[in-house]
Each structure stands twice: as structure tokens, then as C-alpha cells.
Amino acid sequence: MDMQVVNLTDRLGNSKMMSILRIQTCLLKSMVDYLLSRGFVWILPIMLAKSTDPLWPDPSYSIEKRVEVEIYGVKVKTMQSMIVHKRVLVSLGPEKIFILSPNIRIENRDRHATGRHLYEFTQLDLEVAYAKMNDIFRLFEEMIKKAVEDVKKERREDLELLERDLKIPSTPFRVYKRGELEEKYGANWEEIISIESVDPVWVTDIPRQFYDYEDLETGEWRNYDLILPEGHGEVLSGGEREYEYEKMLAKIRRDNLNIEDFKAILELARRGLLRPSAGAGLGVERFVKYVCGLKHIGEVQPFPRIPGQVIDL
Ligand code: ASN
């Protein structure tokens, strides 16, 4: 799809775009209602901070540029994810929080071809103090199932216009270990499992950023991705979290990160104030792409943010 020249009159007035936006509205309302009914506190996003997600080391990102700007004589980064802020919030403030969080990740321009990457997107990002992996699994399974049911009930005509035959996912979703998938399918496991599945599947034990919990004795990472069926691929990542000072510090050093960037969260951990927690973020545009059965994620955004393609608006 050529998104270089976006004809806005065609794009925004188009009945397909209107259906997609109505479905997106229905999904967001359903998920927000679900979280509020379970006692979550709705936090507003922040966009500039000294501390953000390093997105490193992590095989799923290929960041071409990290955006830093100077404000008031201080260097800040644009938000890559609010993971650090989420951890601080559930440690000192409410124990269950969510944010509709805009993230800027300047993915390598080659990624326009995947149909799944954006350089600006929004995640429904949540965190729960003292939660474990299975608590987060059950929460997202229920929330996703309900959101799909609501769309089928309330946006039937829009689904018809998009010629989308949408299956209500069966829960609980299957859980795989990354290692077993790698062994069976090789490096391309994510794509293959996504194409072969009829329901979303959980994949656990993925070596990545310092903040996800790693069992140093067994080598197991208590984190997870959620992979959508029909080739739509990964839509969510999350994990149980590290909270011990020495361990976190050692991992930050191991990853060659700048300790200064994580000063605040390290200080909380050092004082024993960082609570154990678990959480995850669901990519809103990817979820909408799946529910609508679209080929390219750029179709979801009124003003597409496709890697390598900056439009006039
Ligand atoms: N939101 C994710 C999490 O909760 C982090 C990310 O987006 N990289 O783990």
C-alpha cells in the first residue's frame, strides 16, 4: 500500500474508515468499562521524561532513532513506554492502574513492509501491584473476549461492511514457552504460530528488558507476549517485574544502560518501596486491525504513522 500521498478527503470520508473508527470506539469503551468495573484507576499519559523504556535488549524492536530533546536545560526522551512510571505508580499510589498511552518508537524504515509497525501508536498499558502472570492472563482473556462480543453485538453492520467474519475467542488461551516454539518452528516461530492458531496464544519466557522478572536459578523469564491468530502477530507484551535493588542494578549494568536514566526507580527499590507487580500493554491499533480483519495497520489510523513515511499531517 502506498501511504506516501494520503488523500484525506478519500481517506477520512470513506465508509470503510468510518466503520473502522466506530469499531475502535466500541473496543475502547468496552475495555475501559471492563477495567473501571474491576477497580482500576485511569491515569493520563505523559510524553516527555528522563526515564523511559529502553526497548533493549529486545529482539522485537529495531529502533532507528531515539528522540531526545532539551527542555529547561534538561535532556528528556519521548515516551517509548511508561513502564517505569507504571511501576512507580503502583508502588506509591493506586495498586491497579491503566493508561491509554501514546508511544513514539522510531522503528527502522524497512518495517513499513511488515504491515504491523508504526512509529507512533497507543497502547492500553496496565499494571497491578502483587499480581502474577496468571492474574494478567485471566484479566486480558476476559477483557478481549468481552470487547469482541461487544463489537459483534453493537457494530454488526460495520463488520459486514468490512466483510469480517469475527470469531469470539475461546478462553483460556493456550500458553507456550518461547523455547519450545523456537525448537519446533525455528526463528520464524511468531509468524507461524500466529498463522496456525484460531485463537490468541500466550508465549512466555522471553529474554528482554531488565524490568521483567528473571529467575536467575532456572534462567526462566516470567514474562509474556500475546500473539493474535490469522497472521496478525504480537499484540501485547508484559511480565512479572523485578523489584529487588541489587538484582535490578546488576541487570541494568548487564544491558549497558545508563544508570542515571533509572535513578528514581532504583532509589525506590533500594529503599524497599518498589512493590512486586505484573502488567502488560496492548497495542490498540494492532487489536483494531485484527478485529476489523485488515491487512495493513496504517488502515487503522486517520493519519498513518508508518515507518519511513512521514505524511503532510
Ligand atoms: N507495556 C509493556 C509492559 O507492560 C512494555 C512495552 O511496551 N515495551 O511490559
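May I ask you to verify whether Trp202 is within 16 Å of the ligand (Cβ to nearest atom), within 30 Å of Leu92 (Cβ to Cβ) and touching a Pro at 6+ places or on another chain (Cβ under 8 Å)? Explain how you work it out, then say what you get.
Values: within 16 Å of the ligand (Cβ to nearest atom): yes; within 30 Å of Leu92 (Cβ to Cβ): yes; touching a Pro at 6+ places or on another chain (Cβ under 8 Å): no.
The answer is no for Trp202.
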### Task
Determine, yes or no, whether Tyr224 is within 16 Å of the ligand (Cβ to nearest atom), among the aromatic types (Phe, Trp, Tyr) and part of a strand (DSSP E or B).
yes
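Pick out the one residue from Glu230, Glu260, Glu234 that is part of a strand (DSSP E or B) and out of contact with any Gly (no Cβ under 7 Å at 6 or more places or on another chain). Spell out the reasoning first.
Working: Glu230 fails: part of a strand (DSSP E or B); Glu260 fails: part of a strand (DSSP E or B).
That would be Glu234, the only listed residue that is part of a strand (DSSP E or B) and out of contact with any Gly (no Cβ under 7 Å at 6 or more places or on another chain).
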### Summary
Reported set for region 279-291 where residues are touching an Asp or Glu at 6+ places or on another chain (Cβ under 8 Å) and away from the ligand (no atom under 16 Å from the Cβ) is Lys289, Tyr290
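Looking only at region 24-40, count every residue that is open to solvent by 70 Å² or more (accessible area, probe 1.4 Å) and assigned to a loop (DSSP other than H, G, I, E, B) and tell me the total.
Step one: filter region 24-40 for residues open to solvent by 70 Å² or more (accessible area, probe 1.4 Å), giving 25, 29, 36-38.
From what's left, assigned to a loop (DSSP other than H, G, I, E, B): 38.
Residues that pass the stated criteria total 1.
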### Query
Are there any pairs with C-beta distances below 7 angstrom linking a residue in region 176-193 that is over 11 Å from Ile227 (Cα atoms) to a residue that is of a type in the set (Asp, Glu), with the two at least 6 apart or on different chains, and if so which?
Lys177/Asp205; Arg178/Asp205; Gly179/Asp205
### Query
Quick one: what pairs do we get from region 117-129, first residue open to solvent by less than 20 Å² (accessible area, probe 1.4 Å) and of a type in the set (Ser, Thr, Tyr), second more than 8 Å from the ligand (Cβ to nearest atom) and part of a strand (DSSP E or B), C-beta under 8 Å, 6+ apart or different chains?
none
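Given the criteria within 16 Å of the ligand (Cβ to nearest atom) and either at pLDDT 95 or above or within 15 Å of the chain's Cα centre (by Cα) (or both), does Ile168 qualify?
For Ile168, the condition - within 16 Å of the ligand (Cβ to nearest atom) and either at pLDDT 95 or above or within 15 Å of the chain's Cα centre (by Cα) (or both) - is not met.
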### Task
Working only within region 160-188, note down all residues that are in contact with a strand residue (DSSP E or B) (Cβ under 6 Å, 6 or more places away or on another chain) and β-branched (Val, Ile, Thr).
Val175
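Provide a single number: the residues in region 190-220 that are in a strand (DSSP E or B) and within 22 Å of Ser51 (Cβ to Cβ).
From region 190-220, those in a strand (DSSP E or B) are 201-204, 212, 214; that's our starting set.
Restricting the remaining residues to those that are within 22 Å of Ser51 (Cβ to Cβ) gives 212, 214.
Summing the residues that are in a strand (DSSP E or B) and within 22 Å of Ser51 (Cβ to Cβ) in region 190-220 gives 2.
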### Query
Can you name the number of the only condition in (1) open to solvent by less than 10 Å² (accessible area, probe 1.4 Å); (2) touching a Ser or Thr at 6+ places or on another chain (Cβ under 7 Å) that Gly231 fails?
(1)
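The values are calculated or read from the model by the stated rules, or taken from the named source; none is laboratory data. Note that the coordinates shown come from a computational prediction; the quantities given were computed from them, not determined experimentally. No Cβ is skipped: glycine too gets one built from the backbone with ideal geometry, and neighbour counts run over all protein chains shown. Protein only, heavy atoms only, side chains kept; ligands, DNA and RNA dropped before computing areas. Shrake-Rupley method; radii C 1.70, N 1.55, O 1.52, S 1.80 Å.
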